[in-house]
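To keep things clear, I will list the structure first and then write my remarks on it.
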Amino acid sequence: MKCPNYFSIRVKGDSPIKKPQDLKRARIGTSRMGGASHGYSMAMVKTAGLEKDVRFVAVGRPAERVAALVAGAIEAFVETFNWW
């Protein structure tokens, strides 16, 4: 049985980012470069046509991603999860 993977983009509640195109020039946090969240991030920005307009930043586990978002080190982060 194969488990589907899902992902979501997280931003601060008061962020001006409301849709993928708003991520232009954004720093997107991932757990690590080459990991699942980085792969999903790359797919999302490619679909939105932003692959040359964003930067990826490896910020670690979920708590560190939230801390980086709150501190302003990143504008968004990708969260992945499996649905069983």
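The values are calculated or read from the model by the stated rules, or taken from the named source; none is laboratory data. Worth saying up front: this structure is predicted, and the values here are computed from it rather than measured. Cβ coordinates were reconstructed from backbone atoms using ideal geometry, including for glycine residues, and neighbour counts include every protein chain displayed. Remember, those area values only see protein heavy atoms, side chains included, never the ligands or the DNA or RNA. Shrake-Rupley method; radii C 1.70, N 1.55, O 1.52, S 1.80 Å.
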If you average the sequence gap of Cα pairs under 8 Å that are 6 or more apart and divide by the length of the chain, what percent do you get for the contact order?
48
How far, in degrees from 0 to 90, does helix 36-47 lean away from the longest principal axis of the Cα atoms of the chain, to the nearest 10?
60
Please report the antiparallel percentage of DSSP beta bridges with both residues in the chain, rounded to the nearest 5.
50
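For E79, E64, give me the order by solvent-accessible area with a 1.4 Å probe, most accessible first, ignoring ligands, DNA and RNA.
E64, E79
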Given the protein chains as shown and a 1.4 Å probe, how many square angstrom of T47 are accessible, to the nearest 10?
130
So, for the chain, what is the accessible surface per residue at a probe of 1.4 Å, expressed in square angstrom?
66
Bin by bin, in steps of 5 Å, what percent of the Cα pairs in region 1-69 do you find, going until the bin that has the longest distance?
3, 16, 26, 27, 18, 6, 2, 1
Angle, helix 62-71 long axis vs. longest principal axis of the chain, Cα atoms, 0 to 90°, nearest 10?
10
Among D53, D14, D22, residue whose mean-square fluctuation peaks in a GNM of the chain (springs only between Cα atoms under 10 Å)
D14
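Using just the helices of the chain, give the 222 nm mean residue ellipticity in deg cm²/dmol: DSSP H runs with n ≥ 4 each add -39,500 (n - 2.57), and the total is spread over all residues, rounded to 500.
The helix-only estimate for the chain comes to -8000 deg cm²/dmol at 222 nm.
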Given 0.36 nm per residue, what is the gain on full extension from V70 to K46 after removing their alpha carbon distance, in nm?
6.1 nm
At 1.4 Å probe size, with the rest of the protein present, what percent of the exposed accessible area of the chain is carbon and sulfur atoms?
57
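Less than 13 Å Cβ to Cβ from S15, Lys/Arg counted +1 and Asp/Glu -1: what total charge do the surrounding residues give?
Here the charged neighbours net out to +2.
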